[in-house]
Structure formats: C-alpha cells, structure tokens
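I have placed the structure first, in the form of structure tokens, so that the comments after it can refer back to it.
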Amino acid sequence: MEELVKALTIGVTNGLVIALIAIGYTLVYGILELINFAHADVFMLGTAFTYFATEIIVRGMGIPASSTLALALTLIALPFIMLLTASINASIERFAYRPLRNAPRLAPLISAIGMSFVLQNIGLLLLGPSQKAVEPILPRTDVVFFPSGAAWFGVDEMIVLGVTIPLLLGLRWFVASTRQGKAMRATAQDREASGLMGIDVNRTISLTFLIAGALAGAAGLVVALYYGQTFFQYGLQFGLLSFTAAVLGGIGNLTGATLGGLFVGIVAAMSDRFIEAKWTSVIVFSLLILVLIFRPTGLLAEQQSERA
Amino acid sequence: MTEVVQAPHRSIRNPLAGMDDRRRQMVILAIVVVLALVYPLIYRPLSNAIPAVPWPGTAVLVVCATFAILALGLNIVMGFAGLLDLGYVAFYAIGAYTTAFLASSHFGVHISWWIVLWIAVAAAAIFGVMLGAPTLKLRGDYLAIVTLGFGEIVRLVFRNLGDITIALPAILGGAVLVGPNANLTGGNVGINPIDPPIIPIPGPWGASIVFSNQNVIASWYLVLALLAITFFICRRLRDSKLGRAWMAIREDETAAAAMGINTVTTKLLAFSLGASFSGFAGAFTGAYNTAIFAETFSYNVSILVVIIIILGGIGSLRGVVIGAFALLYVDRTLLPWLGDNIVNAPMHDLGVSTGQQILADFKLTTYNYLIFGIVLVIMMIRRPEGLFPDASAKAEMHGVGIAAEVTGAGDVELAELAELETVTLDDPEPLPEAEPPPDAEPPMSELPPGSASPPPPSSAGPGTQA
C-alpha cells in the first residue's frame, strides 16, 4: 500500500512536468495543426541551460550547492532560462515553419523533424555525448512520512510542485482571461476569420510558440534539478511521453494535456515500480498507439470533436 | 497490369523527345551498371593513383546499396501512397532478427540464407499489415507518431527480450511461464554470429563464396543484385494499376474511393510491400555483418531513410537511389574524411587553447545529424520535390513532394503546386530562385485572408469558410 502511494506521488510529480511539456505540444497543435517535433528538444536545451546556470552558481560563484542561496539563485535564473527557450522556440517557428504555412500538411512536419535533429546536436555540442550530472541544488530532505516511518515525500518534490502548479494555473488564466489568450483561442478556431476580425495572426502564433518554449524551459529546469542530470537525448525520451499525454487529453485541450500528463506520469511510475523500468517506454508507447487508434480525439474529447 | 507502362505520359509529350530521353536513359543506366560492377576492382588502384579524393570503399557502397533498398521500400509507402512512416526501421529490424533467429546458433537453427531471405521478407510484410491495418484511418501526422512509436516499441522489445521473466503473481501460484531470465533475442549483446549467405562451388576444391563483411566485393555484387531486383519491382509497381491507385489515394483519397479504388486494401498493400523490401535489406544486413544489435535499429535510421527520400525526390525511384548513395557516401566517407583532414584538428586546437573539453574531443562525424537536420529543413523550404524529381511522376503529382492527404486546410495548395510544376519540370538546377518560390508570398504579409496569398484556387479545398 505504501509502495503504491509512493509510486503515485512520484507519478504525480513527474506527471506535472510532463504536463508542462505536453501543453507546448497542445498549444502549437491547436493553433497550427503541427506536431512540433522540435518542442521536446527545446525542453532538452532547457535542462542544458539549467546545468550551465548551476555550474556558474556553484563553480563560478563558489556558492555551496546545498545552500539555500544556491537554490534561490537557481530559481532566479528560471525566468531567464524560460526567456531563452521561448525565444529559441519562436525563432524556430519564424524560420522553419512559417515559410511552410501554406505548404502541404506534411512539409512543416518534416521541417520540424529536421529542427529537432538540429537542436539535439546543439545539445550534443553543449553537453557532450554522455549524461551530465547537475549540481545537487535541490535539498533531498524528506518531510512527510508514512505511519510506518518510511519517507513519503520531500522538499524536492514540494519545490517541483511549487514551480509547475503556478505555471499551469497561470497559463490557464492567461488563455482563458486575457485579450491575447482570446486571440490565441480565436486563431486556433479559425485562422482566416480571426485575421479578418483584426487579430494579428502571425504575432499570435509567435506568442504561442513563445509561451510553449517558456513552459518547456521551466520543465527543463525542474527535470535537470529533480533528476540531477541532463542528457542530449532527453528530448526524444520526454517528447514521446508528453506527446502521449497531449494526445490522451485530446490534443488542443489544455486541461486535457494536464490530466494526460498526470495519467502518463502515474502509469510510468507504476510500471517503473511494479513491472520493470525497461518496459516503461514500451507501455507508454503502446498506450499512445491504442489511444490514437481507438480514441484519436483523446479521453476527454467533447469540446474538440471537430478538430481531431 | 504490366502492359500499360508509360503510355499516358508518352502520349502527352513529344514522342520523339521521349525516344531520345529513353535512349539517353538507357545509355546512362548502362554506364552506371558497368561502373558499379567494375568499381570494387579498380578501387585500390584508383585510390592509390588519386589519393587526394575520398573514394568510397566497397564496404561503404554495400551500406549505400542497403539503404537504397530501404529507401525504395519506404518510397512505396511515402512517395507513392503518401503515408509518412517514421518507424520504418521496425521492419528492417524484423527482417534482420528473423534472419538471426533462423540462421544462427542462437536457437540452433541453421536454415540456408537463400531461404531465410524470403521468410524475412514475409515476416516484415506481415508486420507491415499488422501495423497498417489498425492505423489506416489515421491522418498524416497521427500516422507519423504511431509509426514512430511502433518503431521504438520494436527496438525496445528486441532489446528487452534478451532477459525476460514472466511469472504469475504470487496469489495465482507464482508459476514461471517464461524464463527465469530467458534470452529470446540476445538483448544488448545481440545475436552473433549469424550464418552468412554461401554459394558452394562444386568440384574438387571444396571452396565456396561467402557473402559476409569478410568478403566485401562478393557481398557488393549480391547487394547490387538485390537492389536491382528491388528497383525493377518498384518500377513495375509504379507503372501498374496498383501504383496508379496509390498515387490517386495520395492526391485525394475521397476522389480515389469514389473512382472505385478500394482504399483499404490499396493502402495495406503499400504498407506490406514497403515493409517487405525493408525485410530484404534487414536479411542482407544481418547476414552480411554476421551480427545484429537492437541499438542499431534506432529512430535515427528511420529518419535517415526519410531524409534520403526527401533529398533524392519523393516518389522518384532514380532520385531515391541517388539520394541513398549520396547521403550514405557523405555520412560514411566524406564526413570522416573532412573531419580527419580539415575540421577536427583546428577544432581540437581551439578546444585545447580555450579549455573546452568538448571542442578538444570534436569529431565531425558525431554531428552528422546536425547536417542532415539542416538539409531537411532547407529542402522542405527551398526544394520540397527533391534534387532529382521524376519528371513523369511530377507531372502527375503537380510538383510538390508530399502532396499527401490534403486533409484540412489545403485550399491554397493547388495554385502553388501548379506554379511549381511549371518552374521545375525537367531541370533540376537553376530555377527555384527565378520565380518567387511558393513559400515567398504568404509568410510576411499580414495575411489578409480573404484574398489569401496565392490566387485562390477555383473552389478546391474542403472549404469551411471563405
């Protein structure tokens, strides 16, 4: 029982991170009907930037990794990392997707695959071919315990939740309640008509990519700190997980992406614990395929039926 | 089914020019074949005589030809039927593993490769149908993801089944069904050795020809024969009724169905035939290398084959083969050569002087996919029909690479496709810059959508609005 709850906790924590990335897929798909293959590699660059930030803080400034100051500085770096990944994502749109906006459907998809490889190799250039250990910035102290005395969850998980949940809520608020959010929803619904209504479509699409990239950067920071390492192939690993999450939730649906992320996170954690970690990817991919085949509109599809 | 061949295109164009074309093509083909046959024999003297040029070794050519077979197979799925498959490597792996299971000491089965080859082809084709059947209804980009997932699953399953224990839960008695720790697929270590193809030479010498990487030249002739068979079959398929049905589906599935094409069987045939060539290549690779490892069948291989097709010219048989040789030559010979002779040393010095370990360890070949990725993006934007588009196929497909399922927002396409067709019908070189390429108009403008960029097509497009 305790094992189950523990696995559930890990699943929720991972799931929120996956949700952050999944929302990037969903936002872009909602507005362009494009699977942005490069998205997960933007996330990977987020982990890389976090690695460099912690290196600067710990090695460059000589602040001990386990100190509160190091943690505070890393969290201060978060907006800068988000800004960086956001601008990378928006430039990708500008140079690799926008020229193909009226091309046959699969052309931008192939362009996205190309960009994904470009970014992956930039990651390889920055990080080298093997996993890089990130300084242990996150305190690993356990705070909540089971009645039996075994650890339930710790400060690290709380910080992960503290970063991801406000971002998810903030995005929800932004899309639902601001003018720009309204423009995004309108553009997603009908690009031409919203152009006629005076919405600057190109700017709205750029904004979408900026937001998606920023969330990917935040997810990158969380993953780099929580997992304690970064790797140039994180893009492919996390990309498929989060794309599965986005599809599960009904692609284009923000709430769905969050729930899908939680679901995938929990399934993965359960499989890690009760089956075997090496089978987890197989299980998640099978889930993805089954959902796409039997319910391509996602598990909660009411609002989205006409698009998928 | 086979008589019709090229009649329709010929009647459209000047028949005399057509004859000339044909004769010229035959001459070129003859030259290429002779070169291919002679090259391994003159490779040594050639590279000794002109050492400044990075000549590809025969072993590299074998890899090139293997990938040409793969690309021709994927071209059926992607180029003819317009279905983007990002997990093509799965069938390659299935072909190779079938060979390994049936012709090695792993299970103690030693069937002659000449028989195993066809079993591998059949296995790949069956899996092609198994993947294709449930996914036919999916649209282009979802299909891409499903196939990608399938490719990864196949690789992981082959890797993980090297050490597998399946037992009932303790409540049900805990009986071990498989294992414990059964080794079904060799896992990370792979399967080694695999019996290579052998032709025994009759007579008193007791010798035989072994087609393995110990005998590269013989293997080159074998793979060349396989490639020739594949090419020939693909060519006949393209000009057959089935081939035209594929292209009709690629252009417009609804219209094709209305014309009486059974889209389900036609697409399934594309999947299974495409997969079977992959099994061909897999059976050869496994036996040629006499060893296989799950990790060699990664997502990157699928993408490499996609890049070959995009680069060579989607749907163009000639282009795809040229693309395979060009890309694999760059990957296996040119990049290592450029790295060793030009790039690595200065990067190393730069790394040492700036203290950057990653630059000091710089190897150009590590970044091959960086180059391929850039090529992919540039090709999509500048020249989506590839470097060697097939003139007759292009006339049919209106010029652009993946005309694909024109689902959803496909209104502006026809107009620009028509434009592209006039721009680049026969001549691969100079034109795309001359006319404003189709992508030049829409992007920057504010998109005043009523009169959206290129002249709106007659009334095409499943018009939801406008």
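The values are calculated or read from the model by the stated rules, or taken from the named source; none is laboratory data. This is a predicted model, so every value here is computed, not measured. Positions of Cβ are generated from backbone atoms using ideal geometry, with glycine treated the same way; all protein chains shown enter the neighbour counts. Accessible surface is based on the protein model in full, side chains and every heavy atom, while ligands, DNA and RNA are left aside. Shrake-Rupley method; radii C 1.70, N 1.55, O 1.52, S 1.80 Å.
So the values come out like this:
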quantity	calculated
Given (1) assigned to a helix (DSSP H, G or I); (2) of a type in the set (G, A, S); (3) open to solvent by less than 10 Å² (accessible area, probe 1.4 Å), index of the condition A:G250 fails	(1)
Residue selected from the range A:3-36 under the condition within 14 Å of another protein chain (Cβ to nearest Cβ) and hydroxyl-bearing (S, T, Y), by the criterion farthest from A:V163 (Cα to Cα)	A:Y29
Residues (more than 20 Å from the chain's Cα centre (by Cα) and within 19 Å of A:I92 (Cα to Cα)) located in the range A:115-145	A:L125, A:L126
Candidate set from the range B:47-61 (those that are under 30 Å from the mean Cα position of the chain (by Cα) and in a helix (DSSP H, G or I)); member that is nearest to B:Q214 (Cα to Cα)	B:A59
Helices (runs of 4 or more DSSP H) contained entirely in the range A:110-205, each with at least 3 residues that are of a type in the set (A, V, I, L, M, F, W, C)	A:155-177, A:179-189
Residue match in the range A:83-101 (condition: in a loop (DSSP other than H, G, I, E, B), within 7 Å of chain B (Cβ to nearest Cβ) and either touching a residue at least 24 places away in the same chain (Cβ under 8 Å) or touching a Ser or Thr at 6+ places or on another chain (Cβ under 7 Å) (or both))	yes
Subset of the range A:288-308 that is more than 9 Å from chain B (Cβ to nearest Cβ) and touching a helix residue (DSSP H, G or I) at 6+ places or on another chain (Cβ under 7 Å) - its residue that is modelled with the lowest pLDDT	A:L300
Condition check for A:T244: closer than 19 Å to B:L156 by Cα, buried (at least 21 other Cβ atoms within 10 Å of the Cβ) and polar (S, T, N, Q)	yes
Within the range A:192-208, tally of residues that are under 20 Å from A:F174 (Cβ atoms) and crowded, with 17+ Cβ neighbours inside 10 Å	9
B:I115 vs. criteria in a helix (DSSP H, G or I), touching a residue at least 24 places away in the same chain (Cβ under 8 Å) and surrounded by fewer than 24 Cβ atoms within 10 Å (Cβ to Cβ)	no
Answer from A:L161, A:L167, A:L171 - the residue that is more than 30 Å from A:E2 (Cα to Cα) and modelled with pLDDT of 85 or more	A:L171
Hits in the range B:234-254 (condition: without any contact (Cβ under 8 Å) to a residue 60 or more places away in the chain and surrounded by fewer than 17 Cβ atoms within 10 Å (Cβ to Cβ))	B:T254
Flag if A:W173 is aromatic (F, W, Y) and exposed (fewer than 14 other Cβ atoms within 10 Å of the Cβ)	yes
Of residues in the range B:292-324 being assigned to a loop (DSSP other than H, G, I, E, B) and touching a Gly at 6+ places or on another chain (Cβ under 6 Å), the one most open to solvent (accessible area, probe 1.4 Å)	B:F293
Helices (runs of 4 or more DSSP H) enclosed by the range B:325-429 - at least 2 residues per element that are surrounded by 20 or more Cβ atoms within 10 Å (Cβ to Cβ) and at pLDDT below 65	B:391-397, B:413-423
Subset of the range B:144-163 [closer than 10 Å to A:V282 by Cβ and more than 9 Å from chain A (Cβ to nearest Cβ)]	B:V154, B:R155
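Rundown of residues vs (1) free of Cβ contacts under 8 Å to residues at least 12 places away in the same chain; (2) within 10 Å of chain A (Cβ to nearest Cβ); (3) open to solvent by less than 20 Å² (accessible area, probe 1.4 Å), yes/no style:
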| site | (1), (2), (3) |
| --- | --- |
| B:A100 | no, no, yes |
| B:H110 | no, no, no |
| B:I126 | no, no, no |
| B:K137 | yes, yes, no |
| B:T165 | no, yes, no |
| B:L168 | yes, no, no |
| B:N183 | no, no, no |
| B:N188 | no, no, no |
